[in-house]
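Data first, discussion second: the structure below is written as structure tokens.
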Amino acid sequence: MEMCSAIGVNLQRGMNFRLCGAESVILMSRREGAPYDDQVEEDGRTLIYEGHDCSKGRNCRDPKAIDQPEHNPSGSLSQNGLFAEAVRRFKETGELPERVRVFEKIRDGIWVYNGVFELLNSKSDYSTGRRVFKFTLRLLDTNPPIATGQPLIRVEDDRIIPSWVKLAVWKRDQGQCVKCGSNSSLHFDHIIPYSKGGSSKDPENVQILCGRHNLAKRDKIE
Ligand SMILES: [Zn+2]
């Protein structure tokens, strides 16, 4: 719900090209049994995001058995096609890379914000005997310009916190701000910032803060 209110829409789909004006949004999951194979590379800033299957129906009885579609049955570009097209424009016309907000499901009903990424590459992978889109996205180092006039959620200036850490912290902090108990606009906060040597992989260095306390802490550090 936080995620939806942050973006102002109700997300039903995993891939959402230019959902709110200039912003694209994707939902990822690295949980066991997740429908797609999304991966974060060693550096923690690069996401390999798998395209999506056709939705089950008359023309698509077994989504995992056939190529991921580039077009909808109507002929318009599918979400895979829209993201691939944005990469083409970026590479061929020098347009800026598409900016994509990434949310990650860490357990049922719990989504966390991983930041704004740039969509840099798209390729088709046939290693499983069918066409699967693989998109490469890279975490932005800085805050993007604000296109909508609304404040964006601050992007962490450090690496992605692994899912298992988020889950452990979520349980320990009981899904609420450790300062005030609020459960709105929650952020995973590095107690010692990554830039000062704090670890993303140690639950002891991560805590949950509400938006207000997160901002207050940042103001103090900066
Ligand atoms: Zn708080």
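If the Cβ limit is 8 Å and pairs must be 6+ apart or interchain, which residue in region 201-218 that is in contact (Cβ under 8 Å) with a residue 60 or more places away in the chain pairs with which residue that is near the ligand (Cβ under 8 Å from one of its atoms)?
Final answer for the pair search is none.
In region 166-175, which residue that is touching a residue at least 24 places away in the same chain (Cβ under 8 Å) and part of a loop (DSSP other than H, G, I, E, B) is farthest from the ligand (Cβ to nearest atom)? Don't jump to the end; show me each part of the working.
Of all residues in region 166-175, those touching a residue at least 24 places away in the same chain (Cβ under 8 Å) come to 166-170, 172-173, 175.
Keeping just the survivors that are part of a loop (DSSP other than H, G, I, E, B) gives 173, 175.
On the way: ASP173: 11, GLY175: 13 Å.
Of everything passing the filter in region 166-175, GLY175 is farthest from the ligand (Cβ to nearest atom).
Residues that are in contact with a His (Cβ under 9 Å, 6 or more places away or on another chain) and surrounded by 19 or more Cβ atoms within 10 Å (Cβ to Cβ): which strands (runs of 3 or more DSSP E) entirely in region 9-118 hold 1 or more of them? I'd like the intermediate steps shown before the answer.
Details: elements: 15-20, 23-29, 46-50, 98-107.
Strands (runs of 3 or more DSSP E) meeting the threshold: 15-20.
Can you tell me which residue in region 176-203 is farthest from the ligand (Cβ to nearest atom), limited to those that are surrounded by fewer than 14 Cβ atoms within 10 Å (Cβ to Cβ) and more than 21 Å from the chain's Cα centre (by Cα)?
Among those that are surrounded by fewer than 14 Cβ atoms within 10 Å (Cβ to Cβ) and more than 21 Å from the chain's Cα centre (by Cα), it is GLY197.
Only residues that are hydroxyl-bearing (Ser, Thr, Tyr) and more than 26 Å from SER55 (Cβ to Cβ): list them for region 68-112, please. Spell out how you get there, then give the answer.
Kept after step one, since they are hydroxyl-bearing (Ser, Thr, Tyr), are these residues of region 68-112: 74, 76, 78, 93.
The one that is hydroxyl-bearing (Ser, Thr, Tyr) and more than 26 Å from SER55 (Cβ to Cβ): THR93.
Only one residue in GLU95, GLU50 is acidic (Asp, Glu), touching a residue at least 60 places away in the same chain (Cβ under 8 Å) and not assigned by TED's automatic domain parsing to the domain that holds SER199, so which one is that? Even if it seems obvious, please write down each step before you answer.
On the way: GLU95 fails: touching a residue at least 60 places away in the same chain (Cβ under 8 Å).
None of the other options fit; the residue is GLU50.
The values are calculated or read from the model by the stated rules, or taken from the named source; none is laboratory data. The structure displayed is predicted, hence computed values, not measured ones. A quick note on method: Cβ atoms are made from the backbone with ideal geometry, for glycine too, and the neighbour counts reach across all protein chains shown.
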